[in-house]
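Visitor: Structure below; questions to follow.
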């Protein structure tokens, strides 16, 4: 089994390491969903995590953002050990995430959805008697993040009236509210029409270059277009990593993934 995860890729010495996974494992009873995963991702890097269904990709994300605690191993965020840190504290440090399935309030407007998410990051979330309209600085933040994802003109639309692709854009906007340093995207183009998928790719390409992005993506073409490096998981283990050309020519990857497309 080929495994190039231990620093044999050429990396820039100028960028700090954003995320380090060291021998990370997660077991559910007798099933080891993630097994001794090692990963290093530099600040500003776009990294895709690919692999067949059941490879452990979403479990890996759940470990990184704190929804699950590992059975063994460690997670470091800019050199700080966050292995035992709860999810809400990781969010304050700068780790944000989107999910496979949209989780929006369908009967509220775009602005109201993002306002609620923004207020959840503020101490004012405990203020119950103050009208929402008095939080002008939060509404300014809502406008800023909508502009980043090209959805400013949709701010007054009710979410259920948006296309699925637009709803995914709103979720990215919500993830950007806390000005994260690491953004975890769980299948951002899943269920999107080709035009919507292209729009999402364009949106992600135009995000701040210092923002580190880790993407789970079944669409291998999207992964190749967006990401500097690709990490391949299989049966919870890191099989290999490399650039587009290296992954395309890897026989083991072809057997377990590319030929199943």
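The numbers here are math on the coordinates, done by the rules we state, and not lab data. Fair warning: this is a prediction, and the values are worked out from it, not measured in the lab. Note that each Cβ is placed from the backbone with ideal geometry, even for glycine, and that neighbours are counted across all protein chains shown.
Visitor: Considering only DSSP beta bridges whose two residues both sit in the chain, what percent are antiparallel, to the nearest 5? Mind showing how you got there, number by number?
Guide: Values: 21 of 37 bridges.
Antiparallel: roughly 55 percent of the beta bridges in the chain.
Visitor: Continuing with this model, one more query. Can you give the three extents of the C-alpha atoms in the chain along their principal axes, from longest to shortest, in whole Å?
Guide: 59, 41, 40
Visitor: Let me ask something additional. Taking Cα atoms of the stretch 138-261, Rg/Rh with Kirkwood Rh, to two decimals?
Guide: Value, to two decimals: 1.02.
Visitor: What residue among 47, 72, 181 shows peak mean-square fluctuation when the chain is described by a Gaussian network model with Cα springs under 10 Å?
Guide: Of 47, 72, 181, the Gaussian network model singles out 72 as fluctuating most.
Visitor: A further question on this structure: Which length gain, in nm to one decimal place, applies between residue 101 and residue 243 when the Cα-Cα distance is subtracted from 0.36 nm times their residue separation? It would help to have the intermediate numbers written out before the result.
Guide: Details: separation 142, 0.36 × 142 = 51.12 nm, distance 2.83 nm.
This chain segment gains 48.3 nm when fully extended.
Visitor: Students often check this: by mean Cβ neighbours within 10 Å, which of 32-38, 162-168 ranks highest, and how do the rest follow?
Guide: Numbers: 32-38: 20.1, 162-168: 18.0.
Ranking, from highest mean packing down: 32-38, 162-168.
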